[in-house]
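Quick notes on the structure that follows.
Any read-out appearing in this document is the output of simple, stated calculations on the displayed coordinates, not a laboratory observation. In this text, all values refer to a predicted model and were calculated from it rather than measured experimentally. Heads up, the Cβs are rebuilt from the backbone with ideal geometry, glycines too, and the neighbour counts pull from every protein chain shown.
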Amino acid sequence: MEQNQKPETLLLGWLDPRNEKVTHAGVAFYNEKFGEYLLKIDEEPSEKQYFLKPFGSESDSVTYRMELVIKRRDGKFLKRQCVGEGYSSEETSGNVFVNYGSKFKTLVLYIKD
């Protein structure tokens, strides 16, 4: 990727497994340098930083960790905390399904249409 080129904007959606309805949840940006996605979730305050990164794979499935950046009172980085887990596979068409937030909705990172 050229230095001045902006990262591709990927869509996030809330999937309700009860009726398969998807509603907009925000956007994500892939950071090639660190091999992870920065998530901007509409329902969360803008100062919260979420990242999604792969941490394992088995045959055609990849597992992911969703992490929240925890900062000190002065705003400096303290640590990252795991707040959700996800997976992608052939069955998900490469999209990442994340267990985070509501038990009635799944956060989906749409990598492919």
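Structure data summary
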{"quantity": "Of [x] 106; [y] 189; [z] 130, the label for volume of the Cα convex hull per residue in Å³ derived from the coordinates", "calculated": "[z]"}
{"quantity": "Positive minus negative residues near K79 (Lys, Arg vs Asp, Glu; Cβ under 13 Å)", "calculated": "+3"}
{"quantity": "Estimated dipole of segment 56-113 in Debye, rounded to 20 [Cβ of Lys and Arg +1, of Asp and Glu -1, Cα centre]", "calculated": "720"}
{"quantity": "Highest to lowest packing among 28-36, 8-16, scored as the average C-beta count within 10 Å", "calculated": "8-16, 28-36"}
{"quantity": "Rounded to the nearest 20 debye, dipole of the chain from Cβ charges on Lys, Arg, Asp, Glu", "calculated": "700"}
{"quantity": "Approximate spin-label separation Q49-V62, in nm, with each point projected 7 Å along Cα-to-Cβ", "calculated": "2.2"}
{"quantity": "Of F97, S59, S46, farthest towards positive along the dipole that unit charges on Lys, Arg, Asp, Glu beta carbons give the chain", "calculated": "S46"}
{"quantity": "Peptides ranked, highest mean first, by Cβ atoms within 10 Å: ranges 81-91, 51-61", "calculated": "81-91, 51-61"}
{"quantity": "Among 40-50, 99-109, 70-80, the order from most to least packed when residues are scored by Cβ within 10 Å on average", "calculated": "99-109, 40-50, 70-80"}
{"quantity": "Förster radius 22 Å - calculated FRET efficiency between K40 and C82 (Cβ-Cβ, nearest 0.05)", "calculated": "0.70"}
{"quantity": "Calculated FRET value between R73 and T23, using beta carbons and R₀ = 35 Å, to 0.05", "calculated": "0.50"}
{"quantity": "Environment charge at T106 (Cβ cut-off 13 Å; Lys +1, Arg +1, Asp -1, Glu -1)", "calculated": "+1"}
